1. Give the residues of the range 161-208 that are β-branched (Val, Ile, Thr) and within 16 Å of the chain's Cα centre (by Cα), sorted by residue number.
2. Could you give me the residue pairs with C-beta distances under 8 Å whose first residue belongs to the range 40-61 and is without any contact (Cβ under 8 Å) to a residue 24 or more places away in the chain, whose second residue is in a strand (DSSP E or B) and of a type in the set (Ser, Thr, Tyr) wherever it lies, and which are 6+ apart or on separate chains?
3. Looking at the range 585-656, what strands (runs of 3 or more DSSP E) fall wholly within it and have at least 3 residues that are surrounded by fewer than 20 Cβ atoms within 10 Å (Cβ to Cβ) and more than 49 Å from the chain's Cα centre (by Cα)?
4. Looking at the structure I just gave you, is Ser165 touching a residue at least 24 places away in the same chain (Cβ under 8 Å), buried (at least 21 other Cβ atoms within 10 Å of the Cβ), of a type in the set (S, T, N, Q) and in a helix (DSSP H, G or I)?
5. Which one is most open to solvent (accessible area, probe 1.4 Å) among residues in the range 355-378 that are β-branched (Val, Ile, Thr) and at pLDDT 85 or above?
6. Would you mind finding the one in Tyr99, Tyr112 that is open to solvent by less than 60 Å² (accessible area, probe 1.4 Å), in a strand (DSSP E or B) and over 30 Å from Leu232 (Cα atoms)?
7. Which residue out of Val245, Val235 is in a helix (DSSP H, G or I) and at pLDDT 90 or above?
8. Looking only at the range 172-206, count how many residues are crowded, with 24+ Cβ neighbours inside 10 Å and in a helix (DSSP H, G or I).
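The values are calculated or read from the model by the stated rules, or taken from the named source; none is laboratory data. Quick caveat: nothing in here was measured; it's all calculated off a predicted structure. Here the Cβ positions follow ideal geometry from the backbone for every residue, glycine too, while neighbour counts run over all protein chains shown. With ligands, DNA and RNA removed, areas are computed over all heavy atoms of the protein, side chains included. Shrake-Rupley method; radii C 1.70, N 1.55, O 1.52, S 1.80 Å.
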Amino acid sequence: MTAIAPRFGPQLIRLLLVTAVLTVGLLGALAGTASAHAALTGSDPKDGAVVDVAPREVTLTFSEQIAMGDDSIRVLDPSSKRVDVAKMRDLSQGGTVRYAVGLKPGLPDGTYTVAWQAVSADSHPVSGAFTFSVGAPSATTATVPDQEAGGGLVGTLYDAARYISYAGFILLVGGAAFVLACWQRGASVRPLQRLVVGGWVTLTAATLVLLLLRTPYTGSGKLGDMFDLGGLSDVLDTKTGAALVSRLLLLGAAALFIAVLFGAYAKRVTEAESEAEAESEQDGEGTAEAGKAKADLAFGLSLGGTVVAAGIAGTWALSEHASTGIQTGLAMPLDVLHLLAVAAWLGGLVSLLVALYRVPDIERAAVRRFSRIAFTSVVVLAVTGVYQSWRQVGSWDAWTDTSYGQLLLVKIGLIAVLLGAAWFSRRWTGLLGEDAKTAEAGSEAEAGVDVAEEDVAEAGAAADPERAAQLARQRTALATARKKRDRDADTERSGLRRSVLIEACVALVVLAVTTALTGTEPGRTQEKEVSRTGTEAAAPAPARPVNLTEPFDTGGTKGKGTLRLTIDPASPGTNLMHVWIDGPDGKPMDVPEVKVAYTLKSQQIGPLPVVPERLAAGHWSAGNVQIPMPGDWHLQVTVRTSDIDQTTIEKNVKIG
């Protein structure tokens, strides 16, 4: 086996660049789809409600257990001053999750804004805001952060650290498993050592970054708060903080495992091989003892490494989707098994790729052993993946109607591509036959002849340093030419390198989609929220003025005309309304009275009355029309043309 072939170098660089671009693009595109698990299911007062008397407190009800601090609920008056008092109270009981915060007594009439922020049970931050009014809606200057919880620069860095931590785990666990189970001599191979140690360093650094970013990620959103010791102390009291600290402790044990694997174990493997080569000159007892010592150490490393790897995988299972929802007692151990299978497959795949390109003499038996392990890992992934899909998606419609189901379909498609590349790898592995071994033996014999000839030349040039240097250059050139000839002749290994490279690149994209899935609300809970609200939340449409033109007839003398009404900008908050009344001849028509009312029937809000002022003949206006929330509002315009003649025009208008 030789180092990477020059003709594959440009292909390798191009393929890795394309994969990196696809991975970054997927992470950026999928970041916007990530949403949290918990959701606000109700409040008292309700969103957009108008109450006659100011309430003593505001209560919020959530779909599942959340973590909240004393400052998680803020109530702002129309001038954006806080009117909530005392500490937040937990009113949860049974299966109901409810929190309350008291209000100052004697609140004046007007519109109040409630802003809240919490951390969902699966570790993702959630936030939101709504309004209610006392007496009647009013103008308000209260503002809430435009940035979604867990978004912005902090959210991007946090998501990147999560992706990197998964990658580090795969390299650490998969690389170590490849050495112990497939190619024990790889323990003394420097490229594989760097790969496994690099995985450990990557996972450790990413875990530290996640721990520091946790405070701004779930709180202020300010990057500078990552060094807030008070916030870090609060994080350590949470489930996610405890999982991250546990991961760091387990990584300490993993460091000891790596030291033994690449130290004492690598030494035992080398000694066993050396004694095996000298077996013909000895009685074989030393070889048997060395082999037994190596086997005992390998068993201990395998057992200890499996325990440490399962513990590290458990830190994800205990703090993310597997720890919430239905059947958590079964979901968490299966999630651990799923992560270990991913690491054994993808981490071993990267290790094989490194060995094929950087190590000249990896045995065919090692490749075949990995092929069997990869097949077993795929079976485990299929079984655990089917269960996870059923648990998280919930229904057939959720596959296409929810972002989680759509992402899962993308992942399944990429896995299919990965399995196709793996099929070609297994095919190339099966073609690695004894002919290549014979070719290698012939090459070694030829090399022996060359060496013998060079020894003769060296004997003649021993006293001539210049001749010795020239001879060394010639030897290097001959060795390079020989390696290139052997490499070009070994088509099976060349094909295997290409197919494994494609597998590794697709695996990078699969990892990106998997990371996005762990931050996306499961389809089962998305459907529950849809059933509660009657419709899935949609992105707000751009505000557009409403223009309405309707004929009317009050039934009396001069009772016919045309009503023209505009609402600008037709969005929640303050709006400007104009009403024009035109006669049958198209000229302004003066009438005694015009009244307007708005009702949002879906939320049982209203009617909210508006009495416009007369500006001129046939023209009325209201400059402070408060519409508390978007929706399909029922508009009622009453036009009175005499003391007894009037009519009401009713129309549905879209606000927001």
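1. Of everything in the range 161-208, those that are β-branched (Val, Ile, Thr) and within 16 Å of the chain's Cα centre (by Cα) turn out to be Ile164, Thr207.
2. From residues that are without any contact (Cβ under 8 Å) to a residue 24 or more places away in the chain, the pairs are Gly42/Thr61; Asp44/Thr59.
3. Strands (runs of 3 or more DSSP E) meeting the threshold: 613-616, 646-655.
4. Spelling it out, Ser165 is indeed touching a residue at least 24 places away in the same chain (Cβ under 8 Å), buried (at least 21 other Cβ atoms within 10 Å of the Cβ), of a type in the set (S, T, N, Q) and in a helix (DSSP H, G or I).
5. The extreme case among them is Thr376.
6. Tyr112
7. Unique residue meeting the criteria: Val245.
8. Total meeting the criteria: 15.
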